[in-house]
1. I need a count of the residues in the range 22-48 that are surrounded by 13 or more Cβ atoms within 10 Å (Cβ to Cβ) and either outside any loop (DSSP other than H, G, I, E, B) or of a type in the set (A, V, I, L, M) (or both).
2. Can you name the condition, by its number, that Y223 falls short on among (1) farther than 28 Å from G155 by Cα; (2) hydroxyl-bearing (S, T, Y); (3) surrounded by fewer than 16 Cβ atoms within 10 Å (Cβ to Cβ)?
3. Considering T144, T152, which residue is assigned to a helix (DSSP H, G or I) and farther than 27 Å from P58 by Cβ?
4. For A178, state whether it is under 21 Å from I95 (Cβ atoms), surrounded by fewer than 22 Cβ atoms within 10 Å (Cβ to Cβ), touching a helix residue (DSSP H, G or I) at 6+ places or on another chain (Cβ under 6 Å) and not basic (K, R).
5. Given the structure, is P67 outside any helix (DSSP H, G or I), surrounded by fewer than 17 Cβ atoms within 10 Å (Cβ to Cβ) and touching a helix residue (DSSP H, G or I) at 6+ places or on another chain (Cβ under 9 Å)?
6. So G197 fits all but one of (1) touching a helix residue (DSSP H, G or I) at 6+ places or on another chain (Cβ under 7 Å); (2) surrounded by fewer than 14 Cβ atoms within 10 Å (Cβ to Cβ); (3) without any contact (Cβ under 8 Å) to a residue 60 or more places away in the chain; (4) of a type in the set (G, A, S); what number is the exception?
7. What residue, of V99, V64, V88, V82, is touching a Gly at 6+ places or on another chain (Cβ under 6 Å) and β-branched (V, I, T)?
8. Restricting attention to the range 235-265, which residues are in contact with a Leu (Cβ under 9 Å, 6 or more places away or on another chain) and part of a loop (DSSP other than H, G, I, E, B)?
Amino acid sequence: MTAPLPELEINTDLAAKILTGFIHSEVTRAGFQRAVLGLSGGIDSALSCFLAAAALGPQNVLAVRMPYQTSNPDSLEDAQAVIDQTGVQSAMFPITETVRPILDTIPPEESVRRGNIMARTRMLVLFDFSAKTHGLVIGTSNKTEILLGYSTQFGDSAAAINPLGDLYKNQIRQLAGALGVPESILNKAPSADLWPGQTDEGELGFSYDEADRLLYHLVDLRYTPEDCINAGFDPAFVAAVTRRIQRNHYKRLMPPIAKLSNRTFGYDFLYFRDWGT
C-alpha cells in the first residue's frame with residue numbers, strides 16, 4: 001500500500017467514527033434503516049462497504065456486483081472477499097445483456113462513451129435495488145475524483161449520500177488499511193474496469209499522489225496556481241489540473257435552476273429548517 005503523504009495523514013480512528021456516525025444519521029434521518037451500494041472490487045467501494053456495515057449492521061447493507069463481460073475476474077474475487085469479511089448481504093446483476101443494445105450503436109474505439117453507458121446502467125440497477133429493499137444508495141466517489149471531475153455524471157457520481165467525498169485518494173488508502181480492507185485491494189492499481197487494461201492513473205495522465213499533493217495546496221491551503229508553481233509544482237501540471245477543476249465544476253452542483261420567484265431552490269431555499277430536518 002502507498003505510504004501516507006505527510007501533509008494528508010489522518011487520524012483513522014476519528015475518521016471512521018465520524019463517517020460511520022454520518023452514515024447512520026443520514027440514513028435514519030431520511031427514514032431508512034438499510035443501505036445499498038455498488039461493490040466493484042476497488043478500494044473506494046470496499047471502504048464504503050466497511051463503513052456502512054459498521055454504521056448500520058451488515059444485515060442492513062446490500063452490496064451489488066454488476067460485472068460486464070470484459071470485467072476483470074479478479075475484481076469479482078476482491079468484491080467477494082469484502083462481502084465475506086464484512087458479512088453484508090450481496091447480489092449479482094451482470095449488465096452485459098442490458099447494455100448490449102446501446103453499445104452496439106457506439107463504435108468500439110469510443111471507449112469513454114461506452115464506459116459512461118456502463119456506469120449509468122449500474123446506477124440504474126442500484127436505484128432499483130434501493131426501491132426493492134428500501135435501502136438508501138451509498139456513494140463511493142472520493143475528493144480527488146470529485147475535484148478532477150473523474151466520474152460519470154448520473155453514473156458512479158450518483159448517490160443519496162457520500163461518506164468518502166471529503167477524503168483524498170491517499171486518505172482513502174489510509175482509512176481502508178486501518179479498517180482491514182483486503183491487501184489485494186489496497187495494492188492494486190485503481191481502475192473503473194470499464195474496458196480491458198483501463199487504469200485511473202493511465203487515463204488521467206498522472207498519479208493520484210501527485211494530484212492529491214497539488215489539490216491539497218489549491219483547495220485546503222487555498223494556494224493560487226501561481227503559489228503552487230512557486231512552491232515547486234510543474235507549471236504544465238498545475239495548468240492541467242486547474243483546467244480540470246474549472247471545467248468539471250458543473251458535476252459538483254445540483255442542476256442550476258433559473259430564478260423567478262422570491263424562494264428558489266439553491267438560492268433562497270437552502271436551510272435545514274426549509275425541509276423539516
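Bear in mind these aren't lab numbers, they're just calculated from the coordinates by the rules spelled out. All values reported here derive from a predicted model rather than from experimental measurement. Ideal geometry is used to build each Cβ from the backbone, glycine not excepted, and the neighbour counts take in all protein chains shown.
1. 18
2. That leaves (3) as the condition not met.
3. None of the others qualify; the one that does is T144.
4. Values: under 21 Å from I95 (Cβ atoms): no; surrounded by fewer than 22 Cβ atoms within 10 Å (Cβ to Cβ): yes; touching a helix residue (DSSP H, G or I) at 6+ places or on another chain (Cβ under 6 Å): yes; not basic (K, R): yes.
No.
5. No, not satisfied.
6. The failed condition is (1).
7. Within the list V99, V64, V88, V82, the selection yields V64.
8. Within the range 235-265, just N248 meets the criteria.
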